[in-house]
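So the structure is just underneath, and the comments pick up after that.
The values are calculated or read from the model by the stated rules, or taken from the named source; none is laboratory data. Here the structure is a predicted model, which is why all the values come from computation and not from measurement. Reconstructed Cβ throughout: ideal geometry from the backbone, glycine too, with neighbour counts over all protein chains shown. Areas reflect the complete protein model, heavy atoms only, side chains present, ligands, DNA and RNA absent. Shrake-Rupley method; radii C 1.70, N 1.55, O 1.52, S 1.80 Å.
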Amino acid sequence: MLLKLTRKETIGNSVLGVLTENGKKICDTLENKQHLIPELIYRIQVTRSPKFKRLLPELCQVPNRTGIRIHAGNTAKDSTGCVLVGVREGNTLSNSRKTETELTAMLNQIQKEHEEIRMDIRSTHLGDGDEL
């Protein structure tokens with residue numbers, strides 16, 4: 001499975017995007033502008049997070065970083081380098097816990113079927129307040 005995270009717009013410290021698979025939207029994303037993950041393709045593994053004490057998708061081999069997860073959160077302040085998931089409302093996310101739970105369950109099932117999960121991170125946004 002290849003997921004694609006497309007960064008679309010920057011508003012203040014929030015970098016807003018969309019997570020898709022085969023062109024189909026899974027959810028909206030939010031990252032902290034000051035802690036962006038480099039644009040590469042990453043392998044994803046669902047593992048138990050020591051910090052959050054639950055199963056969460058982890059991006060493997062992020063350059064110079066460890067413990068980079070996909071998890072619930074509403075604003076850029078909720079992330080120090082991870083990808084937040086939910087439903088976009090302006091420059092925040094709502095329904096993030098439900099989205100995290102559903103996404104983690106889906107990815108965990110795929111992992112149990114021994115299928116490799118990867119995520120391609122790319123930017124298409126221009127700058128603060130700009131949207132393509």
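Worth pointing out:
- Residue count for region 9-20 under the criterion of being open to solvent by 20 Å² or more (accessible area, probe 1.4 Å), in a strand (DSSP E or B) and in contact (Cβ under 8 Å) with a residue 60 or more places away in the chain: the result is 1.
- The residues in region 87-108 that are assigned to a strand (DSSP E or B), in contact (Cβ under 8 Å) with a residue 40 or more places away in the chain, surrounded by fewer than 22 Cβ atoms within 10 Å (Cβ to Cβ) and not polar (S, T, N, Q) can be counted, and the count is 2.
- Number of positions in region 43-62 that are part of a loop (DSSP other than H, G, I, E, B), open to solvent by less than 80 Å² (accessible area, probe 1.4 Å) and modelled with pLDDT of 95 or more: 2
- Listed by first and then second residue, the pairs linking a residue in region 51-74 that is touching a residue at least 12 places away in the same chain (Cβ under 8 Å) and on the phi < 0 side of the Ramachandran plot to a residue that is among the acidic types (D, E) and open to solvent by less than 20 Å² (accessible area, probe 1.4 Å), with Cβ atoms under 8 Å apart and 6 or more places separating them unless they lie on different chains, are L56/E100; I70/E100; H71/E100; A72/E100.
- Residues that are open to solvent by 10 Å² or more (accessible area, probe 1.4 Å), more than 15 Å from G12 (Cβ to Cβ) and either in a helix (DSSP H, G or I) or aromatic (F, W, Y) (or both) are absent from region 64-86.
- Of everything in region 112-124 that is under 20 Å from Q61 (Cβ atoms) and out of contact with any Pro (no Cβ under 9 Å at 6 or more places or on another chain), the residue that is most open to solvent (accessible area, probe 1.4 Å) is H114.
- Selection of region 21-42 for residues being surrounded by 16 or more Cβ atoms within 10 Å (Cβ to Cβ), within 16 Å of L103 (Cα to Cα) and of a type in the set (S, T, N, Q) yields only T29.
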